[in-house]
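Undergrad: Mind having a look at this structure? Questions to follow.
The values are calculated or read from the model by the stated rules, or taken from the named source; none is laboratory data. Predicted model only: the values in this text are computed from it and were never measured. Ideal geometry is used to build each Cβ from the backbone, glycine not excepted, and the neighbour counts take in all protein chains shown. Quick note on the areas: whole protein, heavy atoms, side chains included, nothing else; ligands and nucleic acids left out. Shrake-Rupley method; radii C 1.70, N 1.55, O 1.52, S 1.80 Å.
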Amino acid sequence: MSKVLLLFITLFTFLIQAKAQLLPLSTPSDSAKHYYYLGWKQIMDYADYTRAEQSYRKAIAFDPEFILGQSLVGRISPDIKERYEILEKINSKKHLATEDEQLVADVSVMLIEFLNAREEMDSVKTAEKIGIALQTGLQNFGLIGKKYPDEVYFISEYFEIVNYLYGPQKALDTLKSYNLSLKKPAPFLIGYESTLEAALGNYDNALELAYKLKKCFKDKKVPKPYVVLGEIYLQKGDLESAYKYINKALELDPANRAVQRLKKRAEVVQKSNF
């Protein structure tokens, strides 16, 4: 890495933390911080799993002891053996992180354990792990959101958990209240609000938000708008349009497991129609 680029990354990271109320990161590496933030943006705002995984792996390459970086690699890794190795590393090194980082790491540990149980097809353990992960996430991300109001991605995960536990109306009401405090809503929140509206049958509102999201990216080719449109049309029962957007999203990021699951949902609906 050139000295000029490294200087830019250092200044960029400093400005982010200085201007925003973000969770302080214990890693001493500015490059690790840079790729950590970039990975969050890629996976949440862009729905680009491939590039997000690359960024998270770069973050821990710069600092292998960066617990939050390790936890995100664990959550996105398709390799169960690697996930078990990361769990062991996090559990043995977690005490070196700050208390607030540990709150986040605890949720990631439980989500990784859930992924492992699901892959091992242990239905009892899978249900147990996801239940614990959701309740812990609700509490821990709620605390992080109150303390660090600019941690939009952790707060976004909080909204997702509210939806899983209490349904789309509660999640939508909570999200709208949060949006009132933002000068400019994050693309993820626009997309998630759109899918919540669709889940409630408000398809006109959902599509209006989806096209607002698409405008956020202008000519940038990212999967997110197509993922959202695929979800809306699947909810609406328009399988032809749903497949069109799902396939476009997969064309842009074939490794996107969320879109792969969305396509499987569409296939189940298609089979049930015959």
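Undergrad: Take the conditions surrounded by 18 or more Cβ atoms within 10 Å (Cβ to Cβ) and either out of contact with any Lys or Arg (no Cβ under 8 Å at 6 or more places or on another chain) or of a type outside the set (Phe, Trp, Tyr) (or both) and apply them to Ser241. Does it pass?
TA: Answer is no for this residue.
Undergrad: Is there a residue being in a helix (DSSP H, G or I), hydrophobic (A, V, I, L, M, F, W, C) and within 30 Å of Gly145 (Cα to Cα) anywhere in the stretch 234-244?
TA: no
Undergrad: Still on this structure, please answer the following. With touching a residue at least 60 places away in the same chain (Cβ under 8 Å) and either among the small types (Gly, Ala, Ser) or in a helix (DSSP H, G or I) (or both) as the only criterion, which of Ala255, Ala198, Ala210 stands out?
TA: Ala255
Undergrad: For the stretch 114-149, give me each residue that is assigned to a helix (DSSP H, G or I) and open to solvent by 80 Å² or more (accessible area, probe 1.4 Å).
TA: Within the stretch 114-149, Arg118, Glu119, Ser123, Val124, Glu128, Gln135, Gln139, Leu143, Lys146, Lys147 qualify.
Undergrad: Just one of (1) touching a Lys or Arg at 6+ places or on another chain (Cβ under 9 Å); (2) basic (Lys, Arg); (3) within 30 Å of Lys183 (Cα to Cα) trips up Arg118, so point out which.
TA: Checking Arg118 against (1) touching a Lys or Arg at 6+ places or on another chain (Cβ under 9 Å); (2) basic (Lys, Arg); (3) within 30 Å of Lys183 (Cα to Cα), the one that fails is (3).
Undergrad: Can you report the number of residues in the stretch 60-108 which are at pLDDT below 95, part of a helix (DSSP H, G or I) and surrounded by 14 or more Cβ atoms within 10 Å (Cβ to Cβ)?
TA: Here the count works out to 2.
Undergrad: In addition: Any idea which of (1) in contact (Cβ under 8 Å) with a residue 40 or more places away in the chain; (2) among the β-branched types (Val, Ile, Thr); (3) open to solvent by 50 Å² or more (accessible area, probe 1.4 Å) is the one Val222 doesn't satisfy?
TA: (3)
Undergrad: I want to confirm something. Restricting to the stretch 38-91 and keeping residues that are in contact (Cβ under 8 Å) with a residue 40 or more places away in the chain and among the aliphatic types (A, V, I, L, M), which single residue is nearest to Leu262 (Cα to Cα)?
TA: Here the answer is Ala47.
Undergrad: Please work out if Val162 is outside any helix (DSSP H, G or I), among the β-branched types (Val, Ile, Thr) and either within 24 Å of Leu38 (Cβ to Cβ) or at pLDDT 95 or above (or both).
TA: Against the criterion (outside any helix (DSSP H, G or I), among the β-branched types (Val, Ile, Thr) and either within 24 Å of Leu38 (Cβ to Cβ) or at pLDDT 95 or above (or both)), Val162 does not qualify.
Undergrad: May I ask you to verify whether Ile246 is closer than 22 Å to Asp204 by Cβ and in contact with a Phe, Trp or Tyr (Cβ under 7 Å, 6 or more places away or on another chain)?
TA: No; evaluated as a whole, the condition is false for this residue.
Undergrad: While we're on this one: Residues of the stretch 76-128 being within 26 Å of Pro28 (Cα to Cα) and among the aromatic types (Phe, Trp, Tyr), which ones?
TA: Answer for the stretch 76-128, where residues must be within 26 Å of Pro28 (Cα to Cα) and among the aromatic types (Phe, Trp, Tyr): just Tyr84.
Undergrad: Additional query: In the stretch 225-252, how many residues are touching a Leu at 6+ places or on another chain (Cβ under 7 Å) and free of Cβ contacts under 8 Å to residues at least 24 places away in the same chain?
TA: 2
Undergrad: Mind listing whichever residues of the stretch 244-274 are exposed (fewer than 13 other Cβ atoms within 10 Å of the Cβ) and under 27 Å from Gln54 (Cα atoms)?
TA: Residues satisfying the conditions are Glu251, Pro254, Arg257, Arg261, Lys264.
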